[in-house]
1. So which of Val41, Val72 is of a type in the set (A, V, I, L, M), out of contact with any Ser or Thr (no Cβ under 8 Å at 6 or more places or on another chain) and open to solvent by 40 Å² or more (accessible area, probe 1.4 Å)?
2. Sort out which residues of segment 113-127 are in contact (Cβ under 8 Å) with a residue 60 or more places away in the chain and within 14 Å of the chain's Cα centre (by Cα), and write them in order of number.
3. It is to be established whether one or more residues within segment 52-66 are at pLDDT 95 or above and among the hydroxyl-bearing types (Ser, Thr, Tyr).
4. Of all residues being surrounded by 14 or more Cβ atoms within 10 Å (Cβ to Cβ) and among the hydroxyl-bearing types (Ser, Thr, Tyr) in segment 113-134, which is nearest to Ile35 (Cα to Cα)? Just the residue, please.
5. Give the residue, chosen from Leu80, Leu99, that is among the aliphatic types (A, V, I, L, M) and either open to solvent by less than 40 Å² (accessible area, probe 1.4 Å) or under 14 Å from the mean Cα position of the chain (by Cα) (or both).
Amino acid sequence: MAIDQREFRNVLGQFATGIAIVTATVEGNRIGATISSFNSVSLDPPLVLFSMANKSLSLPQWKAAQAMAIFVLGEHQSELSNRFARAGGDKWSGLDGALTGNGSPALPGAIAQFECKPYATYAGGDHEIFICEVTRFAATATATRPLIFHAGKYANLKPTETVQAPPEVDVWLHGW
């Protein structure tokens, strides 16, 4: 049975995701891309993953990267998300040249940051899956809400009372 790719994408869009930007420096060139396919893989060792489309012009550079940083965006950073989602162009225009501890380009204002090194890559259909080992991480101390993507557009979380999930739910959700 053939799958309608557009319909499949629309149904996948019902799963809300956070937005992040991954950056690296390869042969002196800064690269960066907006990603919504970011999640945890393992606590021991600390692993995360993201994927990159095979048609991405910078895919060979991502495969060559020896270090990368992943920045989880806050709801105030949709413009930055849009900038790094576009192919080509100078994504770095107007941003300072600050670097993370592992030499990846830094992005201001992110609500969380992960510095990583490559762990494994896998072919995944029309994407390449990058599994990265986290070497350093940090979150901001502010109560900024994350930038959310749902049904093909940005969405905001409704300000509500924070409710902590019971430990058994956390274990079920994360499988740890």
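The values are calculated or read from the model by the stated rules, or taken from the named source; none is laboratory data. Because the structure is predicted, anything quoted here is derived from the model rather than measured. Don't worry about glycine lacking a Cβ; one is built from the backbone with ideal geometry, like all the others, and counts go over all protein chains shown. Note: accessible area is taken over every heavy atom of the protein model, side chains too, but ligands, DNA and RNA are not part of it. Shrake-Rupley method; radii C 1.70, N 1.55, O 1.52, S 1.80 Å.
1. Numbers: Val72 fails: open to solvent by 40 Å² or more (accessible area, probe 1.4 Å).
Answer to the check: Val41.
2. Residues of segment 113-127 in contact (Cβ under 8 Å) with a residue 60 or more places away in the chain: 114, 116, 119, 124, 126-127.
Correct list: Phe114, Cys116.
3. No, segment 52-66 contains no residue that is at pLDDT 95 or above and among the hydroxyl-bearing types (Ser, Thr, Tyr).
4. For segment 113-134, the residue satisfying everything is Thr121.
5. Details: Leu99 fails: either open to solvent by less than 40 Å² (accessible area, probe 1.4 Å) or under 14 Å from the mean Cα position of the chain (by Cα) (or both).
Unique residue meeting the criteria: Leu80.
Every residue, every condition in (1) of a type outside the set (A, V, I, L, M, F, W, C); (2) within 22 Å of Ile148 (Cβ to Cβ); (3) open to solvent by less than 30 Å² (accessible area, probe 1.4 Å), yes or no:
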{"site": "Thr23", "(1), (2), (3)": "yes, yes, yes"}
{"site": "Arg30", "(1), (2), (3)": "yes, no, no"}
{"site": "Val48", "(1), (2), (3)": "no, yes, yes"}
{"site": "Lys55", "(1), (2), (3)": "yes, no, no"}
